[in-house]
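A.B. asks: Provided herewith is a single structure, encoded as structure tokens, for subsequent inquiry.
The values are calculated or read from the model by the stated rules, or taken from the named source; none is laboratory data. Treat the numbers as computed from the prediction; the structure is a model and nothing was measured. As a convention, Cβ positions derive from the backbone with ideal geometry for all residues, glycine included, and neighbour counts pool all protein chains shown. Heavy atoms of the whole protein, side chains included, go into the accessibility calculation; ligands, DNA and RNA do not. Shrake-Rupley method; radii C 1.70, N 1.55, O 1.52, S 1.80 Å.
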Amino acid sequence: MRLSDEQKRMYDGSRGPGVQKAMELLVALGKAFDAEEMIPVSRTHVALSGQEGDTYWCELLVNGGARAVVPPTTNPAWDTQTLTRHYDVTPGELDLALRTVDVYRRIGAVLTFCCTPELAGNVPTFGEHVAFSESSATPYVNSVLGARSNRESSVSALASAVTGITPLYGLHFRENRLGTFLVDVEAAPKEAYDWGLLGWYVGKRVGAQVPVFRFRNLQGRPSPEALLYLGAELNTSGAVPLYHILGVTPEAPDEAVAFGGHKPAGSLSVTDRNLEEQEAELSEKGGKINLVMLGCPHYSYAQLRELDRLLAGRTVSVPFWVLTSGDAMELARRSGELARIEASGARLVPDTCIDEPCWKSFEGGLGVTDSPKCMYYRERRGQPFVIRRLGECVEAAVKGEI
Ligand code: F3S
């Protein structure tokens, strides 16, 4: 790779061992993808997991003197103040959570602890070159905002945060952003949940293509949450950090532009029936439940308002946790939704991911969620989930079964 003089200084250790480690990683990554040079990034987002490997990497950089030159926003780990009041964690698990907060603070990160930075707080503009990790955020910044990010890991995004650069390959080039696969959608998705099912269905079938969606029955423009859920599930069941929707997303005003004049490598059509079958295939059968978990990705303020409407006058009979950003929670506090939601027995919690040890007391029981991504991660930890749209999740919470 061609490196500038300053990049050579970072690589040879003149800027300290922490920056050198980051640079070694970026050069290795660039070589693996045949990048010829580095480019500056103007924003970063690090999908810290609160798990040992990610925290170790951040400590390695910080203890070697590295500091963020493009301060990253951060993914959630878990809210130690709230959740230790409700659930048991081991001293080791608590220590790791506190170490994670401390080390990201020391590196100079913006401690948002939220997996939807692209909706508030870290919003790139069209054409901006950025390094975003987090499987729901990367498709959004690429597809909906038209910024340019590869499918970064927490490790590579943090390396970009402390060096200010990323290898030039992949989705930083316009030609790699062209659609490669046509998805004809006969289905008529209504709420974000339906868009999530569509994303899961298509991601599983297209793998690592750039799908272009052509909707036959689109009712108005999709909401930010719908587009977020589409990308989150595409990039969980598949490896899809970029999609296009004809007439909706900025790099797809029509088929000729979206595909760059090329023929798609394949095509697929999706009906409402396909999505119903997808839900049945993913979801556990019903029964008594011990948890309702929403907010994977983190619920927006608009989703909290909808939840408030659905819960009005109801009382839930099982633990009901809603993961959200600190910003959305504060808005809900000021505007009144928070108090009403909590009066039903449901609880909001900021800064927290569904894939954390604080949730282990529910393992073995049956949960309900509106997110296939939540189901995917929690089932790996030993808790089966029923997936249903939000209204049905609320009904299940009231009855204690589904
Ligand atoms: Fe967010 Fe964790 Fe889900 S980071 S998208 S709540 S897996």
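A.B. asks: Determine the sum of side-chain charges near V394: Lys and Arg each +1, Asp and Glu each -1, restricted to other residues whose C-beta is under 12 angstrom from that of V394.
C.D. replies: Summing Lys/Arg as +1 and Asp/Glu as -1 gives 0.
A.B. asks: Further question: What is the extension gain from V123 to Y87, computed as 0.36 nm multiplied by their sequence separation minus the C-alpha to C-alpha distance, in nm to one decimal? Could you put the intermediate results ahead of the total?
C.D. replies: Details: separation 36, 0.36 × 36 = 12.96 nm, distance 3.43 nm.
My answer for the length gained is 9.5 nm.
A.B. asks: Placing +1 at every Lys and Arg Cβ and -1 at every Asp and Glu Cβ, with all other atoms neutral, what dipole size does the chain have around its Cα centre, in debye to the nearest 20?
C.D. replies: Working: 41 positive and 50 negative charges, 54 e Å.
Roughly 260 debye for the chain.
A.B. asks: Still on this structure: Probe radius 1.4 Å, ligands and nucleic acids left out: which of F132, F33 has the largest accessible area, and how do the rest follow?
C.D. replies: F33, F132
A.B. asks: Right, another one. For region 135-243, how big is the tail of P(r) above 19 Å, as a whole percent of Cα pairs?
C.D. replies: Value for region 135-243: 43 percent of Cα pairs lie more than 19 Å apart.
A.B. asks: In a shell of Cβ-Cβ distance under 13 Å around E284, excluding E284 itself, what net charge do Lys and Arg (+1) and Asp and Glu (-1) give?
C.D. replies: Charge balance in the 13 Å sphere: 0.
A.B. asks: Assign unit charges at the C-beta atoms only (+1 for Lys and Arg, -1 for Asp and Glu), then state the dipole size of region 246-402 relative to its Cα centre in Debye, rounded to the nearest 20.
C.D. replies: 500 debye
A.B. asks: What do you get when you divide the Cα radius of gyration of the chain by 2.2 N^0.38 Å, with N the number of residues? Spell out each step's value before the answer.
C.D. replies: Numbers: Rg = 21.2 Å, N = 402, 2.2 N^0.38 = 21.5 Å.
For the chain, the normalised Cα radius of gyration is 0.99.
A.B. asks: Which whole-number percent gives the relative contact order of the chain, counting Cα pairs below 8 Å spaced six or more residues apart?
C.D. replies: Computed over the chain, the figure is 16 percent.
A.B. asks: About its Cα centre, what dipole magnitude does region 266-320 give when the only charges are +1 on Lys and Arg Cβ and -1 on Asp and Glu Cβ, stated in debye to the nearest 20?
C.D. replies: 320 debye
A.B. asks: Now a separate question. In the chain, if the dipole is taken from +1 on Lys/Arg beta carbons and -1 on Asp/Glu beta carbons about the Cα centre, which of A258, L282, G127 is farthest to the positive end?
C.D. replies: Most positive-ward Cα: G127.
A.B. asks: Given a 1.4 angstrom probe, I'd like the percentage of the accessible area of the chain that is carbon and sulfur, rounded to a whole number. Let's see the in-between values first.
C.D. replies: On the way: 7960 of 15810 Å².
Percent of accessible area from carbon and sulfur atoms in the chain: 50.
A.B. asks: Using amide H atoms built 1.01 Å from N in the peptide plane, name the residues 5+ places from E401, or on other chains, whose amide H lies under 5 Å from its own.
C.D. replies: Close amide H contacts, sequence-distant or interchain: I289.
A.B. asks: Right, something else. Take A188 and R334, extend 7 Å from each Cα along the Cα→Cβ direction, and tell me the distance between the two endpoints in nm.
C.D. replies: If labels sit at A188 and R334, their model points lie 3.8 nm apart.
A.B. asks: A further question follows. Can you tally the net charge around Q51? Count Lys and Arg as +1, Asp and Glu as -1, for every other residue whose Cβ sits under 9 Å from the Cβ of Q51.
C.D. replies: Overall, the nearby charge balance is -4.
A.B. asks: Next question. Would you mind working out the accessible area per residue for the chain, using a 1.4 Å probe, and quoting it in Å²? Please list the in-between numbers first.
C.D. replies: Values: 15810 Å² over 402 residues.
Accessible area per residue, the chain: 39 Å².
A.B. asks: Follow-up question, since we're still on this one. Most fluctuating residue of G287, G146, G18 in a GNM of the chain with Cα springs under 10 Å: which is it?
C.D. replies: For the chain, modelled as a Gaussian network with Cα springs under 10 Å, the answer is G287.
A.B. asks: How would R221, R381, R340 line up by accessible area, probe 1.4 Å, largest first?
C.D. replies: Ranking R221, R381, R340 by accessible area, largest first, yields R221, R340, R381.
A.B. asks: Also: Just give me a number: lysine pairs in the chain, eight or more positions apart or cross-chain, with C-alpha atoms less than 21 Å apart.
C.D. replies: Qualifying lysine pairs in the chain: 10.
A.B. asks: With the crude spin-label approximation of a point 7 Å out along Cα→Cβ, what separation in nm comes out for D34 versus E281?
C.D. replies: 3.4 nm
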